[in-house]
Amino acid sequence: MPYSKDILELKRHLLRAAESSNSYFDLTKLIVDVRKINDSEIPYSGLGARSPNDYFPSIKIIGSTLRSKENDDFTTYKNIDTKFTLGGRYSTNLITSDVPFFVSGMSYGSLKLPAKIALHLALNRLAKEGIKVIMNTGEGGALPWELYGSEESWSNVSKKRHENILSYADRLLKEHHLESTDRDSLFCRLYPLITQYASGRFWKDPSYLLNADGIEIKIGQGAKIGHGGLLPGPKVTDLVAENRGIPSYKAAHSPSRHLDILGPEDLVAKILELREITDWRTPIIVKVGCSRVYDDIEIILKSYADAASIDGFVGGTGAAPWELRDIIGINTIPSLKPAREAIANYYSTDNKRDEFRLIVHGSVWDSERIAKCIALGANGVGIGTGFLLSMGCTLVQDCYTNVCPAGLTGSYEKLDIQTSVNGIVNYVKGTLLELKNIAGSVGRQSIHDLRREDLIATDELTSLICELPLVNGRTFKDPIKEMVKTVIDNRKNLKEHQVDEYWRMKKKVE
Amino acid sequence: MNDADKFIIRKAVLELAKTGTPRFTSIDDDVRNLPKVNSKATNLWDYVTAIGAQLSRPPYDPYRETISLNITIGRKKSRRVCLNIPLIIYGNIAINYSSLEAVHLALNRLAEKGNVLGLISEIEINTTKDNNKRKYPLFKKVPFYRNDSLDEYQNSCPEGLVLEYKDQASLRMLQNFRKEFDGPILVDVSEVFPLYTKTILEEGADGIIVDTDKVTKNERYKGKHAIAVIYDARNAINDYYKGREENDNDDNIATLVIAGDVNSAGKIVKAAAVGANVIGYSTSMLIARSNMYSEKPSDVSSIADNVFRHMLGTKGEIKGIPAALGYSDFHNLSASDLRTSSIDASLQGNIPLEGGDRTYKEMVEEIVNEYASEKGITLNSLETQQVLRFMVGE
């Protein structure tokens, strides 16, 4: 954010005071203090938290390669299956995607219209080329062409409503100087759409639920677990407000919890209500931030949901209180084990565990990270920041303001839609090829066949948390077992007064 | 993610977005190969996070529901001080009189708005003017070895006293003051910690102050982090109360005030979860002091405004975090609400590792017992301790 001169001066003075005092002061958080001095408000930030250890670099896929052979046509492993299906546990419909990753929830309002249009057009282009990618609307409602992108979706719409929808679309395009956009290509959706049912209920009519291919009940998200959604006032323009059904230019604070979902039984009631509305057709996902993962997944499993979605604390957001974002939640990788355990325990009596899908989000940007998540038990992966990066995001993390150097979350004049579309298309295609190469090079027919056995850990903690062997082939348990053996040997061979000395020496040697 | 990670991730994704063809190396390979230049700068606090409330425990809403931050200091009902924010402005930073006056003004303004927090100060503040009367609790700091009569320190009518513990003379001072002073007495034990805590509490201190910056410079805590200091300090207070439940005449448990490396809302919450009751907060002093470096120094009232606004923002943050963890009271936080992605932090603060609810030590212990029973071996407690000591370095 381009801070005012006053703020920068305050920062400079505070820095000098901190440096000259002998007490410890966290200089990385200096700007947080300065912002509080400036306006007494809670400072916000965008994107994900800074995790000093997200475990991903400490895991290796044995023998994998992103690029199968130098200078080849990149299609060595073209027959590897990368399809991802969602639903079928209780829903009659299935959502099918050609890639095991999809666009995480990024709402209109949090993203500017050109970025949303770029995503829409890119996914349409990919679908035409045979690569269907699922898109999640985020909690801020859906855009007209997302909801009414098929002929079927218009069938129950009155003439008056039809006109209103088109008029709103015209006003949207006009505000962003995009009047020349071809309406026919815009009002055409070829990819599966998941709409988010969040505590803010930012949608105005049932078409939001009825025209979606899937519904995601958002209990929380990784970046602000237990806090509720947030769109700062300056980003709530008239058209964003109209889309959400809220007052303009006033911060939209969603409640931290669904007012009608306070416990497991309420979740069951809510899902059954949505099932009735959608005639049991639409797959329903429940999304939680990673915290008490085992307990949360256990509740979701018993609640008529088709899938659970967990979001690690590095997962991005448009706006979150800075401190809260950085201290609440756990990383994505350690969440996978309790999640899989909860699923395995629930399905211990039958073999239907594959019908329940586990989706993970947070700190996943490329094919190798996707593959690691899948090998550790995820069925699908949600990506947000990766798609923003492919559109030119510079990671300055000022998404909570109306100023974005890349023109994605603010300053819409700067975003070139066509370049962004190309970026997204290339990102998806490249990632898909890399995924095929990874699965193929470790001898798997499908990306979903990747297993824990394909991974090794490069440090003790990762080995312990993920139950993976270390690089030297040993597990974390081995040295402990050896210690126990030594203790027993000492019992026979050493006298009592020699034991302490033995351990001291051994430790010194180690 | 740090700046180096950001660079790698952006570069890698942009390469994909530009070419649409597979890369030679993944993001993780590049991150793994980064020289660990940042590791020294990383604070162990960064490896500790709290677990938020979701389905299994609904969160509170800090914008729409009341979140209590109230705390009382003082073991006896008759000598209590109540704070609405669990912070005492702690002056381990040298400031001039006008800076202190600004803090005083800010605390008064905060108290007028119902946000009472304390101040520990050695310097007297002139409060003779009507509009300058103190509206917040003052903890008068008594300099070491100035064993004068209590009257000298009561001129400013402090609600509490702070004594610095250095040796037996300090103990005598505490004994004398305890007889005469009715308000809470806090004893700064930073220089001798972890010794004498029990004795100090037995002599009637209402709480102890531990400055993690000072303690971690002691030989005994060399290489350890503030987390270990807070954990030990909490255990020291708990040890004092062990076996005393029946004969205990206290109305309130002794207060643990933690100062030092606890200067952001996140760290305040983590410190409270590890065991702190009140935080000795120095950032307000730092803000007041920063005016000294300005080319055009502001007047006292403007500096006070800065401190006031900063504290309101901090209060908002401190309220929001317990709410997101599913608590309506800040003081219900405990170490079980924390998780860590560092073995070191787990060992120093007995904090469970991410992905489960067991600490590193408990996990090692479990593997030892599992293996022993698998082999039909029975380890006595001494032998178990030997393995643990070796594995966890105790």
Inset, instruction - Note down all Cβ pairs under 8 Å where the first residue falls in segment B:332-345 and is free of Cβ contacts under 8 Å to residues at least 24 places away in the same chain, the second is in a helix (DSSP H, G or I), and they're at least six residues apart or on different chains. - result: B:Asn332/B:Pro322; B:Ile343/A:Glu460; B:Ile343/A:Leu461; B:Ile343/B:Tyr360
Legend entry - Answer from A:Ser303, A:Ser309 - the residue that is polar (S, T, N, Q) and over 17 Å from A:Ile134 (Cβ atoms): A:Ser303
Inset, instruction - Take the residues in segment B:132-144 that are over 25 Å from B:Lys315 (Cα atoms) and not in a strand (DSSP E or B), then tell me which one is modelled with the highest pLDDT. - result: B:Pro143
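If the requirement is being in the same structural domain as A:Ser150 (by TED's automatic domain parsing), surrounded by fewer than 18 Cβ atoms within 10 Å (Cβ to Cβ) and either within 26 Å of A:Gly382 (Cα to Cα) or touching a Leu at 6+ places or on another chain (Cβ under 9 Å) (or both), which of these qualifies: A:Gly245, A:Gly263, A:Gly220? So that I can check it myself, show each step before the final result.
Working: A:Gly245 fails: either within 26 Å of A:Gly382 (Cα to Cα) or touching a Leu at 6+ places or on another chain (Cβ under 9 Å) (or both); A:Gly220 fails: surrounded by fewer than 18 Cβ atoms within 10 Å (Cβ to Cβ).
So the residue among A:Gly245, A:Gly263, A:Gly220 that is in the same structural domain as A:Ser150 (by TED's automatic domain parsing), surrounded by fewer than 18 Cβ atoms within 10 Å (Cβ to Cβ) and either within 26 Å of A:Gly382 (Cα to Cα) or touching a Leu at 6+ places or on another chain (Cβ under 9 Å) (or both) is A:Gly263.
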Inset, instruction - May I ask you to say which residue of A:Leu324, A:Leu267 is aliphatic (A, V, I, L, M), within 11 Å of chain B (Cβ to nearest Cβ) and either under 30 Å from A:Pro57 (Cα atoms) or in contact with a Gly (Cβ under 8 Å, 6 or more places away or on another chain) (or both)? - result: A:Leu324
Inset, instruction - Pull up segment B:362-377, narrow it to residues that are part of a helix (DSSP H, G or I) and of a type in the set (D, E, K, R), then point me to the one that is farthest from the other protein chains (Cβ to nearest Cβ). - result: B:Glu362
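Name every residue in segment A:302-320 that is more than 8 Å from chain B (Cβ to nearest Cβ) and either assigned to a loop (DSSP other than H, G, I, E, B) or at pLDDT below 95 (or both), in order of residue number.
Kept after step one, since they are more than 8 Å from chain B (Cβ to nearest Cβ), are these residues of segment A:302-320: A:302-312, A:315-320.
A:Lys302, A:Ser303, A:Tyr304, A:Ala305, A:Asp306, A:Gly312, A:Gly315, A:Gly316, A:Thr317, A:Gly318, A:Ala319, A:Ala320, listed by residue number.
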Inset, instruction - Could you list all residues from segment B:17-72 that are farther than 23 Å from B:Gly313 by Cα, at pLDDT 90 or above and aromatic (Phe, Trp, Tyr)? - result: B:Tyr47
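Of all the residues that make up segment A:331-378, how many are of a type in the set (Asp, Glu), over 17 Å from A:His448 (Cβ atoms) and either free of Cβ contacts under 8 Å to residues at least 40 places away in the same chain or not in a helix (DSSP H, G or I) (or both)? Give the steps one after another, and end with the answer.
Filtering segment A:331-378 down to residues of a type in the set (Asp, Glu) leaves A:341, A:350, A:354-355, A:366, A:368.
Those left that are additionally over 17 Å from A:His448 (Cβ atoms): A:341, A:350, A:366.
Next, only the ones that are either free of Cβ contacts under 8 Å to residues at least 40 places away in the same chain or not in a helix (DSSP H, G or I) (or both) stay: A:350, A:366.
The number of residues fulfilling the criteria is 2.
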Inset, instruction - Would you please name the residue that is surrounded by the most Cβ atoms within 10 Å (Cβ to Cβ), looking only at residues in segment B:117-127 that are outside any loop (DSSP other than H, G, I, E, B) and touching a residue at least 40 places away in the same chain (Cβ under 8 Å)? - result: B:Gly118
Legend entry - From A:Ser45, A:Ser97, residue being farther than 21 Å from A:Ile374 by Cα and touching a Pro at 6+ places or on another chain (Cβ under 9 Å): A:Ser45
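Do any helices (runs of 4 or more DSSP H) entirely within segment B:253-342 hold 3 or more residues that are among the polar types (S, T, N, Q), and if so, which? Working first, answer last.
Numbers: elements: B:265-274, B:283-290, B:300-324.
So the answer is B:283-290, B:300-324.
Answer with yes or no whether A:Thr75 is assigned by TED's automatic domain parsing to the domain that holds A:Leu389, more than 25 Å from A:Thr237 (Cβ to Cβ) and at pLDDT below 95.
So A:Thr75 passes the test.
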Inset, instruction - Just give me the residues in segment B:184-240 being surrounded by fewer than 23 Cβ atoms within 10 Å (Cβ to Cβ), part of a helix (DSSP H, G or I) and in contact with a Lys or Arg (Cβ under 8 Å, 6 or more places away or on another chain), in sequence order. - result: B:Asp239, B:Tyr240
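Filter segment B:260-272 down to the residues that are within 9 Å of the chain's Cα centre (by Cα) and either within 10 Å of chain A (Cβ to nearest Cβ) or surrounded by fewer than 24 Cβ atoms within 10 Å (Cβ to Cβ) (or both) and list them by number. Steps first, please.
Going through segment B:260-272, the residues within 9 Å of the chain's Cα centre (by Cα) turn out to be B:260-263, B:267-272.
Result: B:Gly260, B:Asp261, B:Val262, B:Asn263, B:Lys267, B:Ile268, B:Val269, B:Lys270.
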Legend entry - Among the candidates A:Thr431, A:Thr394, residue that is within 11 Å of chain B (Cβ to nearest Cβ), on the phi < 0 side of the Ramachandran plot, surrounded by 21 or more Cβ atoms within 10 Å (Cβ to Cβ) and among the β-branched types (Val, Ile, Thr): A:Thr431
Legend entry - Any strands (runs of 3 or more DSSP E) falling wholly within segment A:37-126 and containing at least 3 residues that are out of contact with any strand residue (DSSP E or B) (no Cβ under 9 Å at 6 or more places or on another chain), in contact (Cβ under 8 Å) with a residue 24 or more places away in the chain and buried (at least 21 other Cβ atoms within 10 Å of the Cβ): none
Inset, instruction - Check segment B:41-48 and report whether any residue there is farther than 23 Å from B:Ser282 by Cβ and in contact with a Lys or Arg (Cβ under 6 Å, 6 or more places away or on another chain). - result: no
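Tell me, yes or no, whether segment A:182-200 has at least one residue that is charged (D, E, K, R) and closer than 30 Å to A:Tyr90 by Cα. Full working, then the answer.
Of all residues in segment A:182-200, those charged (D, E, K, R) come to A:182-184, A:189.
Now drop any that are not closer than 30 Å to A:Tyr90 by Cα, which leaves A:189.
Checking segment A:182-200: at least one residue is charged (D, E, K, R) and closer than 30 Å to A:Tyr90 by Cα.
Residue-by-condition table, conditions (1) at pLDDT below 90; (2) among the β-branched types (Val, Ile, Thr); (3) in the same structural domain as B:Val187 (by TED's automatic domain parsing):
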| site | (1), (2), (3) |
| --- | --- |
| B:Val229 | no, yes, yes |
| B:Arg234 | no, no, yes |
| B:Asn238 | no, no, yes |
| B:Asn247 | yes, no, yes |
| B:Asn252 | yes, no, yes |
| B:Val257 | no, yes, yes |
| B:Lys270 | no, no, yes |
| B:Tyr281 | no, no, yes |
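Each row is one residue, and each column tells you yes or no for (1) over 20 Å from B:Tyr371 (Cβ atoms); (2) modelled with pLDDT under 80; (3) within 12 Å of another protein chain (Cβ to nearest Cβ).
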| residue | (1), (2), (3) |
| --- | --- |
| A:Asn422 | yes, no, yes |
| A:Val442 | yes, no, no |
| A:Gln445 | yes, no, no |
| A:Thr462 | yes, no, yes |
| A:Lys508 | yes, yes, yes |
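The values are calculated or read from the model by the stated rules, or taken from the named source; none is laboratory data. Owing to the predicted nature of the structure, the values given are computational and were not obtained by experimental measurement. Glycine gets a Cβ as well: all are built from the backbone with ideal geometry, and neighbour counts include every protein chain shown.
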